[in-house]
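Report on one structure; see the data block that follows.
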Amino acid sequence: MATGSTQQFDAVSTYSDSLTADVSSQVTWTSDTPAAVTISSTGLASAVAAGTANVTAAINSVTSNTVPLIVEDVTSIDVEPATPAYLAVGATQQFTATATFTDSSTEDISSQATWASDTMATATISSTGLATGVAAGTANITAAIDGVTSPAVLLTVTSP
């Protein structure tokens, strides 16, 4: 997980008759290292700082298996397509963002990144990286997370 990102957990209870039930809202969620990962009463884990934490859920006197989470600092972000992209007015282009962490591992952070277009009158970009051509011109597209911003990708929007 990248610092600043979140992950939703669910708890499913299995009973002696093999029936199962979602008990996510009834369990007590715990992180053994809240300095690295906090977890809300609804099971939403938030990566606070680099480190390792174990997440568990408990209900009555039963505790779940332990789920280890490793929080890494982001060292760089790559946006694809990285070459100049072309888009017609009214068309869309999906961008993806990949973070590289301190241990050299990578992760698709497209849905967690903060996307930006420096010229919203030319191209808008959604919270998931979907750009839409608004008017002819150029816009620089970037993705950011945990204080790290990708290099800008030039998007050229053309008239139909």
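FYI, it's all coordinate maths here, none of it is from the lab. This one's a predicted model, so the numbers in the text were calculated from it and none came from an experiment. With ideal geometry, Cβ positions are generated from the backbone for all residues, glycine too; neighbour counts draw on all protein chains shown.
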Original post:
Sorting M120, M1 on the 10 Å Cβ count, fewest up front, what's the list?
Top reply: M120, M1
Original post:
Along the charge dipole of the chain, Cβ charges K/R +1 and D/E -1, which of A152, Y15, I39 sits furthest on the positive end?
Top reply: A152
Subject >> Alpha carbon convex hull of the chain, projected area averaged over orientations, nm² >> reply: 11.6
Subject >> Under-5 Å amide H pairs with V74, H placed in peptide plane, nonlocal only >> reply: T3
Subject >> For segment 74-158, the spread of Cα positions along each principal axis, largest first, Å >> reply: 41, 21, 16
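Could you give the dipole magnitude of the chain about its Cα centre, charging the beta-carbon of Lys and Arg +1 and that of Asp and Glu -1, in debye to the nearest 20?
Values: 0 positive and 13 negative charges, 73 e Å.
In debye, rounded to 20, the chain gives about 340.
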**OP:** Classify segment 6-71 as rounded, prolate or oblate from the Cα gyration tensor: take a ≥ b ≥ c as the square roots of its eigenvalues, call it rounded if a/c is under 1.5, otherwise prolate when a/b beats b/c and oblate if not.
**Re:** prolate
Original post:
Applying the Karplus parametrisation 6.51 cos²θ - 1.76 cosθ + 1.60 with θ = phi - 60° to the phi angles of segment 80-94, what ³J(HN,Hα) value in whole Hz is obtained for each residue in order, glycine and proline being reported as x?
Top reply: 10, x, 8, 7, x, 9, 10, 8, 7, 4, x, 8, 10, 9, 7
Subject >> Alpha carbon centroid spacing (whole Å) that separates segment 124-141 from segment 1-77 >> reply: 35
Subject >> Gain on full stretching of the segment that runs from T92 to T128 - 0.36 nm per residue minus C-alpha separation >> reply: 11.7 nm
